[in-house]
Amino acid sequence: MSAHLHSLSEAPLSEGYDAATRDDPEFAQHFEHRFTTIDGLQMHYVVGGDGPRTIVLLHGFSESWYEYRAIMPDLLPGHTVIAVDLPGLGDTTGELPSHDKATLARYVHRLLLQLGHQEGVQLVAHDFGSAVAYALAAQWPEQFDGLMIMDFGLVGGSLTFDQLKPLSFHFSFFQQEPLFEQLVAGQERLFLSYFYQLLGAPAPEKSLEEYARVYGRPGVLHNGSRYYQAWPQDEADNRRLMLKPLDMPVHIIAQAQLFDAFHTALKDAAPHATGSPVEGVGHWLLHEAPGRVLKEIRAFFDYQD
């Protein structure tokens, strides 16, 4: 690990940040937890490798950086791998001024600048991480070489939040502030166990433990619901950002039943976006089809072993 990264890391404000990795020898061999404060928010990220190309991984709700854990070692060849806990989620700690994705993207942008990654970054994202990733790529296109998103409908063009809402109960349930938090607080494991099964497949036991831990941290469940409550604002912001289409390579993979709609929506932002449907899976691509996800990432970003 570079001395530069060591110099930027701080004492963690989240005491349990290494609960899922402290007895993981493969993790210890290749990766480290790091903490860097950006505009009053202590960002947690996991970094490994020292390759000349940088790949950044952004998770979604109701997961954390840990959703990428199984495939991260296979992303190391030729790369520095950085998996980030999004603002307000995981083991990232601090108050947020807003939960719209254009604002949240600024924290990730400034973190990458502080880590020395001004250009050439390869960006991979799932779920709401994809909304943050689009806001990053649209606002600072010079920083990124390509964008791959997973199972997410980008609103602002032909797709609207009102069209998305009927797809799942939680799109409306999470709008109910503070009812959602009052019902789920203290029952995070129960809720998440149901949630993973409803939208795809049960999470592995160790993953479920980790996600129950992070969503049980103060403020994290609240922030997660606010990600959804900001969706109408994201739609307005995206409509403005889409006036300048992305010209970098863009790719999407998604569960087969939603792929066409999500691919079409993405083309409103990136007219030349490519994509592939994934058969036989639900929303949780990284634990339902990790091999397929890895293959898509390595092919899209032209990995050379």
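The values are calculated or read from the model by the stated rules, or taken from the named source; none is laboratory data. Here the structure is a predicted model, which means the values were calculated and not measured. Counting neighbours? That spans all protein chains shown, and the Cβs are built from the backbone with ideal geometry, glycine included. To get the accessible areas, we keep the full protein, side chains included, count just its heavy atoms, and leave off ligands, DNA and RNA. Shrake-Rupley method; radii C 1.70, N 1.55, O 1.52, S 1.80 Å.
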Quick one: which residue in Ile297, Ile252 is in contact with a Phe, Trp or Tyr (Cβ under 8 Å, 6 or more places away or on another chain) and under 27 Å from Asp24 (Cβ atoms)? Ile297
Between Gly120, Gly129, Gly60, which is in contact with a strand residue (DSSP E or B) (Cβ under 8 Å, 6 or more places away or on another chain) and surrounded by fewer than 23 Cβ atoms within 10 Å (Cβ to Cβ)? Gly120
If you check every pair at least six apart or on different chains, which have Cβ atoms under 7 Å apart with a residue in segment 1-18 that is surrounded by 14 or more Cβ atoms within 10 Å (Cβ to Cβ) and among the hydroxyl-bearing types (Ser, Thr, Tyr) first and a residue that is in a loop (DSSP other than H, G, I, E, B) and at pLDDT 95 or above second? Ser14/Asp91; Ser14/Arg217; Tyr17/Asp91
Answer yes if at least one residue in segment 235-258 is modelled with pLDDT of 95 or more, polar (S, T, N, Q) and in contact with a helix residue (DSSP H, G or I) (Cβ under 6 Å, 6 or more places away or on another chain), and no otherwise. no
Of the conditions (1) polar (S, T, N, Q); (2) closer than 27 Å to Ile297 by Cβ; (3) open to solvent by 40 Å² or more (accessible area, probe 1.4 Å), Ser168 clears all except one; give me its number. (3)
Can you tell me which of Gln257, Gln197, Gln229 is in contact with a strand residue (DSSP E or B) (Cβ under 9 Å, 6 or more places away or on another chain), open to solvent by 30 Å² or more (accessible area, probe 1.4 Å) and not charged (D, E, K, R)? Gln257
Is at least one residue of segment 87-95 at negative phi and open to solvent by 10 Å² or more (accessible area, probe 1.4 Å)? yes
One residue is enough: does segment 221-236 have a residue meeting the conditions part of a loop (DSSP other than H, G, I, E, B) and either over 23 Å from Gln176 (Cβ atoms) or not hydrophobic (A, V, I, L, M, F, W, C) (or both)? no
What are the residues in segment 132-151 that are in contact (Cβ under 8 Å) with a residue 60 or more places away in the chain, open to solvent by 10 Å² or more (accessible area, probe 1.4 Å) and either under 18 Å from Ser276 (Cβ atoms) or out of contact with any Leu (no Cβ under 6 Å at 6 or more places or on another chain) (or both), if any? Gln139, Pro141, Asp145
So, restricting to helices (runs of 4 or more DSSP H) that lie completely within segment 141-203, which ones have at least 1 residues that are charged (D, E, K, R) and at negative phi? 161-164, 179-184, 188-199
